[in-house]
């Protein structure tokens, strides 16, 4: 297929989608065209229905898919050709195979469609939804791989439950596939889409959200950015997550309705960060199984606490990180976090509460 910039621009392809298109020669074109059709069908016709089934859930929309795709691209930044590079520039063993790329892209499109029927167990509804919506577009093998990767994006222990180790590595049309690896990429990228773009502006001022949902919206609201950054060291290459947040000190003690009574705003913030750390640890076990991927090394948090539009220097600023050697409990021993210890303790004592 010719490398047509005009075609790529018309189709609004992200770099990893472009990588899949340019590898889709001969019979593969059908599979890529199917992906584009389903991307538009699910984004336009079905994801808008999620808010009707689950009122005031954080946005599940085309914008959500686009942001998760951007996180996927950063996590896989060394494993596919960018517009300014060629596949030949990527060392052997690191280049994403064509079927892995197509399985991952399709799983992204389908992973949240089950929310049309409610949040509980939504990942397990992918199979029935795909069967009803896609008709005969996918062959049975590709459909099964897509369903497994999409279904594994949510739930405790879902990756190994949905994709047993004996199915972790296989092949499709004579090229290798790595289903547990792909599930970990999608799962962690999905977890990262928790900044202010996932909630309606002024939802608090207009009293739009019921009490039981406010803590989820609050966490998104306070995050200006959550992103994966690629960091090159002297002898290695790593990825890390950087979180930039603003929780005014006057709001630390705000109370939100939770499953176990109420939770303070600052404790809820830490709970959500700790959940992201648990996902980092869980997904790393599978990210490190293919393509020489190093996993995600750490989470770095930059927290501002000034009031309103005052300059950041007008109040305390906190920085800390979580990694394999710095787990959440270690934050209790950091002296400059002393003011936050009551909320850290609250979050640690409630860390098993469902989110």
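The values are calculated or read from the model by the stated rules, or taken from the named source; none is laboratory data. Keep in mind that what you see is a predicted model, and the values were worked out from it rather than measured. Here the Cβ positions follow ideal geometry from the backbone for every residue, glycine too, while neighbour counts run over all protein chains shown.
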By residue number, the members of the range 172-200 that are in a helix (DSSP H, G or I) and crowded, with 23+ Cβ neighbours inside 10 Å are 179, 180, 181, 182, 183, 184, 185, 186, 187, 188, 189
If we take the range 253-355, then strands (runs of 3 or more DSSP E) inside it with 2 or more residues that are surrounded by fewer than 17 Cβ atoms within 10 Å (Cβ to Cβ) and in contact with a helix residue (DSSP H, G or I) (Cβ under 9 Å, 6 or more places away or on another chain) are 255-258, 317-323
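Conditions (1) within 18 Å of residue 291 (Cα to Cα); (2) modelled with pLDDT of 95 or more; (3) outside the structural domain of residue 74 (by TED's automatic domain parsing); (4) part of a helix (DSSP H, G or I), marked per residue:
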| residue | (1), (2), (3), (4) |
| --- | --- |
| 137 | no, no, no, no |
| 202 | no, no, yes, no |
| 217 | no, no, yes, yes |
| 225 | no, yes, yes, no |
| 231 | yes, no, yes, no |
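Considering only the range 243-255, I want to know if a residue exists there that is at pLDDT 95 or above and under 30 Å from residue 100 (Cβ atoms). Spell out the reasoning first.
Taking the range 243-255 and keeping what is at pLDDT 95 or above, we get 243-255.
Of the ones still in play, those that are also under 30 Å from residue 100 (Cβ atoms) are 243.
For the range 243-255, residues at pLDDT 95 or above and under 30 Å from residue 100 (Cβ atoms): present.
Residue 119: out of contact with any helix residue (DSSP H, G or I) (no Cβ under 9 Å at 6 or more places or on another chain) and in contact (Cβ under 8 Å) with a residue 40 or more places away in the chain, yes or no? Explain how you work it out, then say what you get.
Values: out of contact with any helix residue (DSSP H, G or I) (no Cβ under 9 Å at 6 or more places or on another chain): no; in contact (Cβ under 8 Å) with a residue 40 or more places away in the chain: yes.
It is false that residue 119 is out of contact with any helix residue (DSSP H, G or I) (no Cβ under 9 Å at 6 or more places or on another chain) and in contact (Cβ under 8 Å) with a residue 40 or more places away in the chain.
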